[in-house]
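Working notes, structure below.
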Amino acid sequence: MGVSQTDGRMEGWLYTIRQNRFGLQFSRKRYFVLRDNNLTSYKSVPSADNEEPDRRASLDSCIRVNDNGRESFHRKILFIFTLYNTSNHSDQLKLGASSPEEAAKWIRSLQDASLKGSPFPDCDFVSHSERGLVRLDVSKRSRRKNSVDWTNYTSTNTNYSSVNPEVTAPDVIAPSPWKIFGCQNGLRLFKEAKDWDSRGRHWDDHAAIMAVGVIDGTSEEIFNTLMSLGPLRSEWDFCFYRGSVVEHLDGHTDIIYQQLYSDWLPWGMKPRDLLLRRYWRREDDGTYVILCHSVYHKKCPPGKGYVRACVKSGGYVVTPMNNGTQSMVKHMIAIDWRSWNLYMRPSSARSITIRMVERVAALREMFRAKHGQFFSNLSSGDFMTTKTLSKNKTRAVSFEGNKLDEVVKSEVTIMAGEEAEKTSSPRPSFMELNDMSDEFFDVLEPHESSGFDSFIRDTSPQGPQLKLPSAAGLVKKLQDLAVQKKGYVDLQEVAMEENVTYLYGATLQKDPSFSAPCSWATADPSTFLIRGSNYLKDHQKEKAKGTMMQMMGADWISSDKREDDLGGRLGGIVQDFAAEGRPEFFFIVNIQVPGSAMYTLAMYYMLNTPLEENPLLHGFVNGDDAYRNSRFKLIPHISKGSWIVKQSVGKKACLLGQALETRYVRGKNYLELDIDVGSSTVARGVTNLVLGYLNNLVIEMAFLIQANTEEELPEVLLGTCRLNYLDVSKSVRER
């Protein structure tokens, strides 16, 4: 549909997504205009700037924008994002754009507009109707000073990635895990080099192999092509026979099934199929990341005559180049072909894997042949084709350790359900932009089950998490429980073990030697890059030289609910210090991770000097939530782990308060940040992927308060943390 950005004004066609009283979702096409912090909508393009809109909303710093990914309505793919009020999550507006690029522009502009919104919202939302202007009385938030520093944010009429160099530059110093071993079909070929293999000559049994090439196409066009499971894929993917979407988990994650051709495999080798959990996201610089790995699904066994191969990690990274006219495409895969034949030596398996990543060359040639006459008219529905592969009864294979147990699978009617919209707030809100009065005046667009013809209906009973006995090590039972809840289970998932004796701040053991599993230590500060003294002039970052605080302990807890305000609980290290009347101040980062249970990862940092001697920290501790949300940063780094996890987490600093819902608890001698990872669709997808590999990872993190002025520079890390091979089965069970 296209968007226009001029003079701080953004406008274009969007779709409002909502539910009618019968529970059916449908969309309405409306023309939206965003100017300053005012969002207005029209049924047609306004003929004049002073034309009265049909609906209007004012944005302030309490408004968040959540990227919900892609959905389908009436066979049209839309990229969804939701505006919601942090003080009332039922006060929200769900919008859809026709492309991921348009959605990204709107999300960035709306985020900037909310940050620049009025700090004194006497009347948050105003609605227009045909009968005239109607002022709506709403509950007022307490007035507060405008403490947000806007130095770091760009205006809505600029390209964010071209203005801010932090978008593309990593904030972690780490060696490349890849070693080049050849060049073929115009592609550079790499393998994943191990730490102990300095010459890069060792090959694993199932080596991770990557092909890198440049394609004459935009990153968005290539992304749409890679996501296709329809006829378009047969024009470049010589490995692919047919496929479908088995289950749609959310707008960024789905379960897909693929059958591979056998004519490119060695003679006598049975055809292979794949069942993958696929996750995607778009970076601020226009890079698209598509990640996948094998999963188990009780309703999707191997096809008749096929052997189920196991993708340990794989995917694509599509990065724009040359002002977006070209893209660098990286295709990586580590796969176990599950062949028991004697002729299938490791070298043969590597040859098949190398042949598979060479699909990038075929993709490049297709774009070279068709660019300019094909992709501009590419139907968005094409890359979501999901035909049911077989409606006949087949034999299902369920994994139990390394054993295969056959059961009979009946014909399944695959359907999808859409999350119901939250009930409307009793006060006027974003819902005024949803055109409730138009519910039966426009032709309804029936809910298309998120655009998929093939989904698994979730028939699991809703209710609290089942408590597993401590001896629950039977993989079969664990798989059945997980599959009932979410329809699939990662092959790496393990049981959760109970433990009830603990002390807050000490449930995770410390191990400075970095050798003990499920332990913590401090990370080397020089690994992380922070803003230097002249950052506002040269935009250069420098190695951190130390930390402001000392890490005192960590918690690794699992429970059936959120565990907030750990610092205020009796029996913990924070309250022990307070009871003794000691002056030390604590800073607690409580990361709440949704999974088979709610996992709580909390890091405790202690400041030995008076809080008043650290002006930036003092202002953060005693500031309002808007200021805190605009300043608190996390720099993540997976120092040891598979490519798929490293790629999903990245090495870029993130303003957590802008990306995730964060609650701040101010105690007598502490400030705690309770960060809900599940509040973001994108973050939830990354977390679900990471949890499957958790006990094979070394995770490093650094926390800091962003410096925006010369007086605040250079930045100083609050603290660092290194988490060694965490295990969900060893998390402490909260009662």
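The values are calculated or read from the model by the stated rules, or taken from the named source; none is laboratory data. Keep in mind that what you see is a predicted model, and the values were worked out from it rather than measured. Note that we place each Cβ from the backbone using ideal geometry, even for glycine, and neighbour counts take in every protein chain shown. Each accessible area value is taken on the protein alone, full model and side chains, heavy atoms only, with ligands, DNA and RNA left out. Shrake-Rupley method; radii C 1.70, N 1.55, O 1.52, S 1.80 Å.
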Item to complete: Name every residue in the range 234-253 that is open to solvent by less than 10 Å² (accessible area, probe 1.4 Å) and either in contact with a Pro (Cβ under 9 Å, 6 or more places away or on another chain) or charged (D, E, K, R) (or both), in order of residue number.
Response: D237
Worksheet item: Looking only at the range 224-237, which residues are touching a Phe, Trp or Tyr at 6+ places or on another chain (Cβ under 6 Å) and in contact (Cβ under 8 Å) with a residue 40 or more places away in the chain?
Response: N224, L226, M227, S228
Item to complete: Within the range 32-45, track down each residue that is touching a Leu at 6+ places or on another chain (Cβ under 8 Å), open to solvent by 20 Å² or more (accessible area, probe 1.4 Å) and at pLDDT 85 or above.
Response: N38
Worksheet, complete the sentence: Listed by first then second residue, the pairs whose first member lies in the range 86-99 and is farther than 24 Å from K29 by Cβ and surrounded by fewer than 24 Cβ atoms within 10 Å (Cβ to Cβ), whose partner is of a type in the set (A, V, I, L, M) and at pLDDT 75 or above, with beta carbons under 9 Å and at least 6 positions apart or on separate chains, are T86/I63
Practice prompt. Give the number of residues within the range 38-74 that are assigned to a strand (DSSP E or B), in contact (Cβ under 8 Å) with a residue 60 or more places away in the chain and touching a Pro at 6+ places or on another chain (Cβ under 7 Å).
Written response: 2
Practice prompt. Please indicate, with yes or no, whether at least one residue in the range 72-84 is more than 27 Å from Y627 (Cβ to Cβ), in contact with a Leu (Cβ under 8 Å, 6 or more places away or on another chain) and either among the basic types (K, R) or open to solvent by 30 Å² or more (accessible area, probe 1.4 Å) (or both).
Written response: no
Response to the item:
I255 passes all but one of the listed conditions (1) of a type outside the set (S, T, Y); (2) within 26 Å of T681 (Cα to Cα); (3) at pLDDT below 90; the exception is number (3)
Worksheet item: Failed condition for S515, given (1) over 28 Å from the mean Cα position of the chain (by Cα); (2) closer than 27 Å to P610 by Cα; (3) outside any helix (DSSP H, G or I), with all others met?
Response: (2)
Item to complete: Within the range 242-282, count every residue that is over 22 Å from the mean Cα position of the chain (by Cα) and either assigned to a strand (DSSP E or B) or without any contact (Cβ under 8 Å) to a residue 60 or more places away in the chain (or both).
Response: 15
Fill in: Conditions (1) open to solvent by 10 Å² or more (accessible area, probe 1.4 Å); (2) in contact (Cβ under 8 Å) with a residue 24 or more places away in the chain: number failed by G553
(1)
Worksheet item: Which residues, counting only those in the range 562-581, are more than 17 Å from T507 (Cβ to Cβ), free of Cβ contacts under 8 Å to residues at least 60 places away in the same chain and of a type outside the set (D, E)?
Response: A579, G581
Item to complete: Keeping to the range 571-583, report how many residues are open to solvent by less than 30 Å² (accessible area, probe 1.4 Å) and assigned to a loop (DSSP other than H, G, I, E, B).
Response: 1
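Residues are listed down the side, and each one gets a yes or a no for (1) hydrophobic (A, V, I, L, M, F, W, C); (2) modelled with pLDDT of 90 or more; (3) on the phi > 0 side of the Ramachandran plot:
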residue	(1), (2), (3)
Y153	no, no, no
N185	no, yes, yes
L232	yes, no, no
D237	no, yes, no
F240	yes, yes, no
L249	yes, no, no
Fill in: Hits in the range 261-274 (condition: surrounded by 22 or more Cβ atoms within 10 Å (Cβ to Cβ) and within 28 Å of S327 (Cα to Cα))
L274
Worksheet, complete the sentence: Within the range 690-720, residues within 24 Å of the chain's Cα centre (by Cα) and within 18 Å of S630 (Cβ to Cβ) come out as F703, L704, I705, Q706
Item to complete: Kindly indicate whether any position in the range 14-24 is of a type in the set (K, R) and either assigned to a strand (DSSP E or B) or at pLDDT below 80 (or both).
Response: yes
Worksheet entry | For K633: the one exception among (1) within 24 Å of F528 (Cα to Cα); (2) in contact with a helix residue (DSSP H, G or I) (Cβ under 6 Å, 6 or more places away or on another chain) | (2)
Discussion item. Looking only at the range 204-233, count every residue that is among the charged types (D, E, K, R), surrounded by fewer than 21 Cβ atoms within 10 Å (Cβ to Cβ) and touching a helix residue (DSSP H, G or I) at 6+ places or on another chain (Cβ under 6 Å) and tell me the total.
Written reply: 3
